[in-house]
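What follows is calculated from the coordinates using simple rules that are stated; it is not laboratory data. All values reported here derive from a predicted model rather than from experimental measurement. Because the Cβ atoms are built from the backbone with ideal geometry, glycine has one as well, and the counts that use them run over all protein chains shown.
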Amino acid sequence: MSGRRKLDMENWARKPHFEFFSTFEEPYYGVVVNVECGAAYQFAKARGISFFLCYLYQSLAAAQEIEPFRQRIEENEVYVYDRINGGSTIGRANGTFGYGLFVYRDSFDEFLEGANREVERVRAGSDLTRNPAVNVIRYSALPWIDFTSLSHARMFSVPDSCPRISFGKMTESGGKRSMPVAIHVNHVLVDGIHVGQYVDCFQERLNRRIGCA
């Protein structure tokens, strides 16, 4: 189980920002960026494994490095989790989807083993139960759409501070493969500079083979 620590609010440089954006009815904002994913795609193809699970792993690995992506609001306090996992939609053969929990591991092979089991479990079921854990990023994949913007359904009556990341259709142009990525975050915790840091880290990881420095 992932550990956590309470943030020292009184000595936090972002305390005024926390208090300011906490008054907003809708503190979430989002951006869409295009990332190059040719190296990750070739890696998945060479190993005969899921391209989705490859870029999901790299996305989670990047989130471990950017602290605001590991912060969560619980009962008006901010906690920083040691590890962030992935909660993602998983498509089923009948055209519906279910929710799976992908536990992050430092070892990609260990992550992949658990992730494949989770995909099989969700595809074999019919429920729409979502794990209540808050130390997650909420993922979704829309591999049919090369989107340029994206919004999310939300229950405003339910407090939430988890980032939401959605992946779109991979396209090829000029010998390069890319896909759109929508990133929605709670401004109470995450500023634009942190989103930029996350995007840079994610792209850098996509550019190299998994497991290589």
Which of the GluC sites (Glu not before Pro) found in region 21-111 are loop residues per DSSP with 13 or fewer other Cβ atoms within 10 Å of their Cβ? Glu25, Glu75
Give me the aspartates and glutamates in straight-line cross-link reach of Lys45: C-alpha distance below 19 Å, same-chain residues under 8 apart excluded. Glu36, Asp109, Glu110, Glu113, Glu172
With each pseudo-label sitting 7 Å past Cα toward Cβ, what's the Met155-Thr171 distance in nm, one decimal? 3.6 nm
Ordered by fewest other Cβ atoms within 10 Å, a rough proxy for footprinting exposure, His194, His184, His17, His152 read His152, His17, His194, His184
Can you show me the helix-derived [θ] at 222 nm for the chain, built from DSSP H runs with n ≥ 4 at -39,500 (n - 2.57) apiece and divided by the number of residues, rounded to the nearest 500. -9500 deg cm²/dmol
Taking the alpha-carbon distance from Lys15 and a cut-off under 12 Å, which aspartates and glutamates remain once sequence neighbours fewer than 8 residues away in the same chain are dropped? Glu77
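Evaluate 2.2 N^0.38 Å with N set to the residue count of region 107-178, then give the Cα radius of gyration divided by it. Don't jump to the answer; show the numbers that get you there.
Working: Rg = 15.7 Å, N = 72, 2.2 N^0.38 = 11.2 Å.
Output field value: 1.41.
Compute the Cα gyration tensor for region 36-206, then decide on rounded, prolate or oblate, letting a ≥ b ≥ c be the square roots of its eigenvalues: rounded whenever a/c is under 1.5, prolate when a/b is larger than b/c in the other cases, and oblate in all that remain.
Working: a/c = 1.45, a/b = 1.19, b/c = 1.21.
Because its axes are fairly even, with a/c under 1.5, region 36-206 counts as rounded.
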